[in-house]
Amino acid sequence: MKFCSECAHPVALLIPEGDNRPRYVCAHCATIHYHNPKLVVGSIPVWDADGQVRVLLCKRAIEPRLGYWTLPAGFMENNETTAEAAIRETEEEAGADIAIGELFSLLNVAQVHQVHLFYLARLRSLDYQAGIESLDVQLFAEHEIPWDELAFPTIRTTLELFFADCVQIREAGGRFGFHTHDIVRPMRISSPPNDT
């Protein structure tokens with residue numbers, strides 16, 4: 001950040017009085033500019049037919065991770081709830097109509113200043129299509145998921161937790177849990193799959 005969004009004068013990085021972290025501060029109007037983590041919100045769109053649970057995944061048409069698979073998710077907008085953000089992102093990326101469920105996972109990705117939230121969701125129909133940010137949209141059973149082609153560690157972690165809960169529910173009854181997790185390793189960067 002170089003200039004104040006309030007008065008357009010230059011800002012300096014310093015620790016304001018009473019604070020303990022460097023912040024961008026305007027020397028002209030004294031506005032302190034706080035940079036806080038961004039929320040990435042999405043859904044786990046599920047189709048459950050004949051005892052076979054399938055999850056809807058999107059193949060990314062944009063960077064980062066162009067050509068890799070992800071759950072429908074994106075940055076939360078102002079003036080919307082987290083559930084509204086999950087529904088909007090699912091509609092935009094997968095063209096899917098969902099019934100939103102409970103919050104399933106909260107993943108802290110501190111190294112990129114983000115918090116990822118994923119809601120359980122039920123597909124209302126099989127009428128879905130790739131949105132402008134997706135190359136493809138497909139339903140996958142657990143054994144069909146392209147595990148080596150998932151876009152982000154938060155997606156892998158959420159899917160692993162989801163399918164582990166499915167097994168526990170099937171074998172012992174109960175319900176889905178709420179999971180929190182810290183992603184502390186740097187994201188692995190590799191070439192996109194060959195078919196893109």
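Does Ala85 fit the bill of being more than 19 Å from Val40 (Cα to Cα), at pLDDT 95 or above and small (Gly, Ala, Ser)? Walk me through how you get there before you give the answer.
Details: more than 19 Å from Val40 (Cα to Cα): no; at pLDDT 95 or above: yes; small (Gly, Ala, Ser): yes.
So Ala85 fails the test.
Might you let me know whether the stretch 5-21 holds any residue that is outside any loop (DSSP other than H, G, I, E, B) and touching a residue at least 24 places away in the same chain (Cβ under 8 Å)?
So the first thing to find is which residues in the stretch 5-21 are outside any loop (DSSP other than H, G, I, E, B), and the list is 10-14.
Narrowing the set further to residues that are touching a residue at least 24 places away in the same chain (Cβ under 8 Å) leaves none.
No, because not a single residue in the stretch 5-21 is outside any loop (DSSP other than H, G, I, E, B) and touching a residue at least 24 places away in the same chain (Cβ under 8 Å).
Residues checked against (1) within 21 Å of Thr180 (Cβ to Cβ); (2) assigned to a strand (DSSP E or B); (3) not assigned by TED's automatic domain parsing to the domain that holds Phe162:
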| position | (1), (2), (3) |
| --- | --- |
| Glu89 | yes, no, no |
| Ala96 | no, no, no |
| Ile100 | yes, yes, no |
| Ser105 | yes, yes, no |
| Leu126 | no, no, no |
| Leu135 | no, yes, no |
| Gln138 | no, yes, no |
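In the stretch 148-167, is there at least one residue being assigned by TED's automatic domain parsing to the domain that holds Ile62, of a type in the set (Gly, Ala, Ser) and in a strand (DSSP E or B)?
Step one: list which residues in the stretch 148-167 are assigned by TED's automatic domain parsing to the domain that holds Ile62, which gives 148-167.
Right, trim to of a type in the set (Gly, Ala, Ser) and you get 151, 164.
Now drop any that are not in a strand (DSSP E or B), which leaves none.
No, there is no match, as no residue in the stretch 148-167 is assigned by TED's automatic domain parsing to the domain that holds Ile62, of a type in the set (Gly, Ala, Ser) and in a strand (DSSP E or B).
Out of curiosity, is Thr180 among the hydroxyl-bearing types (Ser, Thr, Tyr), surrounded by fewer than 17 Cβ atoms within 10 Å (Cβ to Cβ) and either modelled with pLDDT of 95 or more or part of a strand (DSSP E or B) (or both)?
Values: among the hydroxyl-bearing types (Ser, Thr, Tyr): yes; surrounded by fewer than 17 Cβ atoms within 10 Å (Cβ to Cβ): yes; either modelled with pLDDT of 95 or more or part of a strand (DSSP E or B) (or both): yes.
Yes; evaluated as a whole, the condition is true for this residue.
Could you say which residue among Leu150, Leu103, Leu126, Leu135 is closer than 16 Å to Arg65 by Cα, among the aliphatic types (A, V, I, L, M), surrounded by fewer than 18 Cβ atoms within 10 Å (Cβ to Cβ) and touching a residue at least 12 places away in the same chain (Cβ under 8 Å)? Even if it seems obvious, please write down each step before you answer.
On the way: Leu150 fails: surrounded by fewer than 18 Cβ atoms within 10 Å (Cβ to Cβ); Leu103 fails: closer than 16 Å to Arg65 by Cα; Leu126 fails: closer than 16 Å to Arg65 by Cα.
The conditions single out Leu135.
The values are calculated or read from the model by the stated rules, or taken from the named source; none is laboratory data. What you are looking at is a predicted structure, and each value in this text was computed from that prediction instead of being measured. Every residue, glycine among them, receives a Cβ derived from its backbone with ideal geometry; neighbour counts consider all protein chains shown.
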